[in-house]
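Working notes for the structure below.
Here, each number is a calculation from the coordinates, and none is a lab measurement. Quick caveat, the model's predicted, so the values are computed rather than measured. Here the Cβ positions follow ideal geometry from the backbone for every residue, glycine too, while neighbour counts run over all protein chains shown.
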């Protein structure tokens with residue numbers, strides 16, 4: 001084997017080692033990128049879940065307010081009916097008196 005052959009083999013070994021190192025480094029970079037993306041996805045997922053929870057609480061509060069407003073409205077209607085009932089009786093009494101006077 002000549003010196004040229006040895007240098008050629010050394011060059012090949014260096015090229016192969018360079019490829020292996022490049023592959024390993026790019027794999028490490030891809031792994032880091034993957035970990036970074038996974039961390040970002042986890043943060044986005046947590047933020048999304050928090051917003052969903054906040055929205056669910058807002059919906060629950062709105063339902064409670066609507067229920068309370070409905071209850072208050074029913075109470076107001078009942079109060080109004082109790083105020084009108086005596087008036088209706090008075091109106092019926094007056095109408096009866098008018099009918100008797102007409103006869």
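Before moving on, here are some points about what is shown:
- Condition check for residue 85: assigned to a helix (DSSP H, G or I) and over 31 Å from the mean Cα position of the chain (by Cα): yes
- Pairing residues of the stretch 5-17 that are touching a residue at least 60 places away in the same chain (Cβ under 8 Å) with residues that are assigned to a helix (DSSP H, G or I), at Cβ distances under 9 Å and at least 6 apart in sequence or on separate chains, gives no pairs at all.
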